[in-house]
Structures are given as C-alpha cells and as structure tokens.
Number of protein chains: 2
Amino acid sequence: MKLATLADGSRDGQLAVVSREGRQAVLATRIAGTLQRALDDWPFYAPQLAELYDTLNAGAARHAFAFDTKRCMAPLPRAHQWADGSAYVNHVELVRRARNAVMPDSFWQDPLIYQGGSDDFIGPCEDIVLLYEAWGIDFEGEVAVVVDDVPMGTTPEAAMEHIVLLMLVNDVSLRNLIPDELAKGFGFFQGKSATSFSPLAVTPDELGAAWHDGRVHLPLCVKWNGVRVGQPNAGVDMVFNFPRLIAHVTKTRNARAGSIIGSGTISNKAANDDASIGYACIAEKRCIETIADGKPHTSFMKFGDTIELEMFDSAGQSIFGAISQRVVKGVPGRRVAKESR
Amino acid sequence: MKLATLADGSRDGQLAVVSREGRQAVLATRIAGTLQRALDDWPFYAPQLAELYDTLNAGAARHAFAFDTKRCMAPLPRAHQWADGSAYVNHVELVRRARNAVMPDSFWQDPLIYQGGSDDFIGPCEDIVLLYEAWGIDFEGEVAVVVDDVPMGTTPEAAMEHIVLLMLVNDVSLRNLIPDELAKGFGFFQGKSATSFSPLAVTPDELGAAWHDGRVHLPLCVKWNGVRVGQPNAGVDMVFNFPRLIAHVTKTRNARAGSIIGSGTISNKAANDDASIGYACIAEKRCIETIADGKPHTSFMKFGDTIELEMFDSAGQSIFGAISQRVVKGVPGRRVAKESR
C-alpha cells in the first residue's frame, strides 16, 4: 500500500491512498484523517486502508483523482521522533580519512544515531529555505522506516515486525556548521536543518524481493541540478540494518508509533574506485577529492540549486515518488508562512 | 492560567484547566481537545481557556471536580520537539573539573543544546521504568518553556514573545552510558531515557515578578527519597536565558508550535561552598565530592528510589504541582502497556 499526505491548510494534512503506479489517489479521511492517526492504531486502520488501496488499483474507487506530488506534504508533516542513523560506515570512515583522523573500530559494531528535529518537515517538492550559502548546504539521500509502538529493550530479531512503512529522505545538512557543533560534544542541532521526505510512504511488501534482511536492495538515483551524480545501492554496505537501528533506539526507552528511523547517507565502498556509482551527499564527494588531491574541488549547494532523489523498482516504476526541491534564500525572523492551525 | 492533561486512555489525553491554587479542575475539551490542539492555534484558543480559568477561580465553573495530579499525563504527553539546553554553565564546568578537563571559554558565549526524544513523555506521578541500575540512573531538575511558531533566524529580543507556557522537568539521565556515547560524537541518545514533566503547564503571568529577564527567579525544591537534597534558584547562574536558548534553536530552522525548550539542570555556583543550596542532579553532587576527595561517595538511584521536584511562589503556593516519581525495574521488550490509540 502507498500513502501520501495532501496539503489542506492544516498542520498535519489529509491522508490519501495512492495507486501502485502513482497516477491516481483517493482521500482516506473517512478511515483516518491523518497518517499519525492511522499509525496510532495501525492494526485497526491498516486493513481498511489496504482495502481502499485494492479498490483504487482495480479502478473502482469512488472520487479518485489524479495524484500530484506537488500537493504533497511530507507523509508525516511533523512527527514525534526522527532518529537518524549513520549505518553506511564507509561514509563515516571517508569523512574521518579526509581529515586524517582514525575511526574507532567500535563504529563497525555500535551504530551511530542522532536525534533529529521532527516538528517541521519539508514536503517533497517544497523549497529548502535557508539563510546563508556559507553554512555549506548539502543534501543527504537516505531511506527511512516508520515504526509502530516498539518497547524498550526490543531485540533486532523482534524489531523487524515493528516496521510498517518506508520512505525516502533528504537529510539536509549544513556542513560548515557541523565541525564546531560536534566539537562541543552534544551532537547535531544547528548543523541539521529541516528534513524532507518522499511523497509516498509505502508498506514493505511494495518493494517485493528488494526488501530483505531489513535493507532496501535498490539504487537511489541522485540528480543535482538535473545531472545524475549518484546511484548508490541502499542494500550494499549498510552495516547496521533497520532492525538493528531500531534496537539501538529502544535500548533505554520505548519508541512510540510514528517514530521515523533513518539509515544515514547511502554510501557504497565501490564508489571510492568506481565513479559511476557516485554519491548521495556532496560531503562524500569532497572527502574522496581531499583524499586524492589534498583538497576538495566540488562546492556545496548554491541558492537556486535543485536536488532530486528517487528510487525505481526492477520494472522502472518509481516506488516512493520523487523528492524534487530547490534551495532558496529565506528572510531571518519572517513569520512561518505555512499552514497555521 | 494553569493547564493539565488528564489520562483518558488516548495518547494525547484530555485538556483541563486547573484553578490557581491547584484544587479544582474543569475539562477544556469543549474548547480544545488536547493541549497540542490549543497550541496549534494559540491566539484563537488561549483567550477562551483564560475565560474558563477565570470562571473556575471564581468558583462558577460548571462540572468542576477535584484536581488530582495522579490522573495527569505530561501536559504534552508527546511533543514534536524537545530541545534541552545546558544553560547553567556552572554545572558543565563542575563536570569537566571533576574529570580534570578544561571547559572551552566559548561555553560562556555559545549555548549547549541537545535534541531530546519527544515521543514518549512520562507523567508527573508515573513510574520511571528502566532496565538496569548499572546504567547510573539520575534525575535532573529543570524548568522548560513551550513556544508557539518561532521562525528561523529569530533574535533573542524577538524570542521572548513566543514563550506561552512554563513547566518543570525531570530530565532522567543514565550517567554510566553518557561518557561512551558522547565520545562517539553524535550527542545523547541512549544516555537520555524518557523525560518527565510537571502536572501543570502555566502561562508566564502566573509567576508574577518571579518571571523576568527570561528566567524563573525561584528555588526548585528537590527531594530524593523524601529528603530535601537541593533548592537551587533557577534565576541564579542561568547564563543563557530562555529567549537566548530559543534563538539558538531557531538559527537554522523554524521551531513549530508546541516545541519544548529546557534550561538544563539547575545549578548555583554558591552550592560549591554552601551545602544548604544542594543539587538538582546526583552527578553534580558526585562532581563536588570528586573535586574535594578524589572520588564520589554518593551513589546513583536504585530501583524503589523516589524523586520529587516542586517550585513554590513567595506565598508558599505550589506553582506547577509536584513531579513525584518512583524508579522501577522494567522487563525488556514488554509491550508498551499505556494507552494504545
């Protein structure tokens, strides 16, 4: 099943079911008004949403309409938890090598996860509004899962069954703020601005055989200013699979329904030698350049730049719809102009 | 005005207005079902809630009932953002001195703030359920503010008007997990288990003259196992006031309505010499012991221990009601037993 949230002037939007090939949609608000509401009692709502999905795919849904990703908010326009891992340890190792630092061996056994802000997500086609290019604006292409209630002390084995939806992520990062911020010791805050999500949140069965071992075994297509710069495979070199990340998140506390857990930037080791694999964040490209030439050549994003992230199944069908955004300059202190209630 | 959220089996509870002296309550659900709903359109709902508050204080509210903090969830049982500062720099300096580390001078100019988990808050009289005493279970007594929509790039001067409510916090911390976690560089995650809040969220005017300069100028009473161990003044040595913390939070992103921003453990410099001031977290007591004697004497909390946090106005009236909790041992992987829808 594929779900989307349509903008309607409210903070949480309207829940819609979208057809498998992404062309038709139907409001699901007679079942559950919002995706969070559905997640709050997933065993009750999911079967009803699945039935509507089947009807829509059969071309028999009443009041179906053309689906337009430009009308989409993030599937969860705001959430109660956004925990982002760094499961592709190759990425972490490259970053360290580029600054001549050694990565602790424990990073191969113990996941890195940071707590992100979840109060103000960006829709898939909304602008990324930031104040200064000097912050070092970067994209990060990722996969994320949404879970139901996961109790404290859940094992990786038990965590798998708590994964109810998958999405794509653009974890926008401000590279030039991060070194000083991490040096303070409390983790990311200002270095991670608002995060973007794909138009569609899909149940794992939509990925077929590409979803196994708690990983998505498909390449992520990354286009920066219309040019393909990366197609790393999300199933390759993901050292910690999603169940392992969920177990980490719930070691000392519950994760409640609607929590989002991200993979971290997708990064394939083979890309270090095979340029055709490319990158899912500029920082990684710059690290490879620094290791090779002593300094980076590729600049971070400029105002006006665009970024597209999309994932296709083996038949060439877009699974999550495209994240397609432009970076634009905002005005400090300007009233939050989006929906207000 | 004073607001509380009563448990009713739902995830977000029922909004209630509570009388000034904390003895009577009346459901506010005919105005707004939940506190988050009220915060989503505060200019619309706040005047209606204030009117009900006046009626209740005048003894004229229909269907008023005796207020019982044991029925309370956290005012926001789950939120979209919990950002916790470390504004009492004395605390940070003590922690560093105890391990013979130097605190960077920049810590006096640039606030430390970490992103906390906000999906599963603990009610004021609910148990603190954790799995192992060996984690080093500690309380942290704090003050927090709740804001309305705050745009990116808000100045400290402009931030003041965005503060709509105040609460007390017990930011439960797992001290023995923190050193290894912070060494990894991504900040707190497992070291900060679920956070607790006071029964009442109150508007700043309820504090009268004690609320000025963006600080709460009152002592926080801390009782551990029934013994008063601290009464540090929240208005003393708070290097960064709440508007300054909010400006930090919104440097690179908006903070949306209902975001909670905490002060960090209250800590007064004078406590280093005057034991009667005491402490709002055990870690601080242990630091003072370590600096004096080379090692700590006070142990962290045991299962069965209790913790009470409360703040009184100059007339001896409890402002926020008491956080009054017991630490109990949980079972790994046991189904989240609270409300399910």
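Listed values, structure above:
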| item | result |
| --- | --- |
| Residue that is nearest to the other protein chains (Cβ to nearest Cβ), among those in segment A:68-80 that are of a type outside the set (Lys, Arg) and surrounded by fewer than 24 Cβ atoms within 10 Å (Cβ to Cβ) | A:Thr69 |
| Which numbered condition A:Gly85 fails, given (1) within 10 Å of chain B (Cβ to nearest Cβ); (2) touching an Asp or Glu at 6+ places or on another chain (Cβ under 6 Å) | (2) |
| A:Leu112 being more than 10 Å from chain B (Cβ to nearest Cβ), surrounded by 15 or more Cβ atoms within 10 Å (Cβ to Cβ) and aliphatic (A, V, I, L, M) | no |
| Conditions (1) touching a Gly at 6+ places or on another chain (Cβ under 6 Å); (2) within 13 Å of chain A (Cβ to nearest Cβ); (3) outside any loop (DSSP other than H, G, I, E, B): number failed by B:Leu220 | (2) |
| Residue in segment B:51-60 that is of a type in the set (Phe, Trp, Tyr) and in contact (Cβ under 8 Å) with a residue 24 or more places away in the chain present | yes |
| Qualifying residue in segment B:193-203 (condition: modelled with pLDDT of 95 or more, out of contact with any Leu (no Cβ under 6 Å at 6 or more places or on another chain), within 28 Å of A:Val336 (Cβ to Cβ) and within 11 Å of chain A (Cβ to nearest Cβ)) | yes |
| In segment B:98-140, the residues that are over 23 Å from B:Ala87 (Cβ atoms) and hydroxyl-bearing (Ser, Thr, Tyr) | B:Tyr132 |
| Segment B:18-31 - residue that is within 16 Å of B:Met73 (Cβ to Cβ) and touching a residue at least 40 places away in the same chain (Cβ under 8 Å) and, of those, surrounded by the fewest Cβ atoms within 10 Å (Cβ to Cβ) | B:Ala25 |
| Check on B:Ala38, under 22 Å from the mean Cα position of the chain (by Cα) and surrounded by 14 or more Cβ atoms within 10 Å (Cβ to Cβ) | yes |
| Qualifying positions in segment B:131-157 - part of a loop (DSSP other than H, G, I, E, B) and either without any contact (Cβ under 8 Å) to a residue 60 or more places away in the chain or at the interface with chain A (Cβ under 10 Å from one of its Cβ atoms) (or both) | B:Leu131, B:Tyr132, B:Asp148, B:Asp149, B:Pro151, B:Met152, B:Gly153, B:Thr154, B:Thr155 |
| Candidate set from segment A:181-192 (those that are within 7 Å of chain B (Cβ to nearest Cβ) and of a type outside the set (Phe, Trp, Tyr)); member that is farthest from A:Lys329 (Cα to Cα) | A:Gly185 |
| Top-ranked residue in segment B:88-109 [being of a type in the set (A, V, I, L, M, F, W, C) and farther than 30 Å from B:Arg326 by Cβ; ranked as nearest to the other protein chains (Cβ to nearest Cβ)] | B:Phe107 |
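The values are calculated or read from the model by the stated rules, or taken from the named source; none is laboratory data. Since the model is a prediction, treat every value here as computed from it, not as a measurement. A quick note on method: Cβ atoms are made from the backbone with ideal geometry, for glycine too, and the neighbour counts reach across all protein chains shown.
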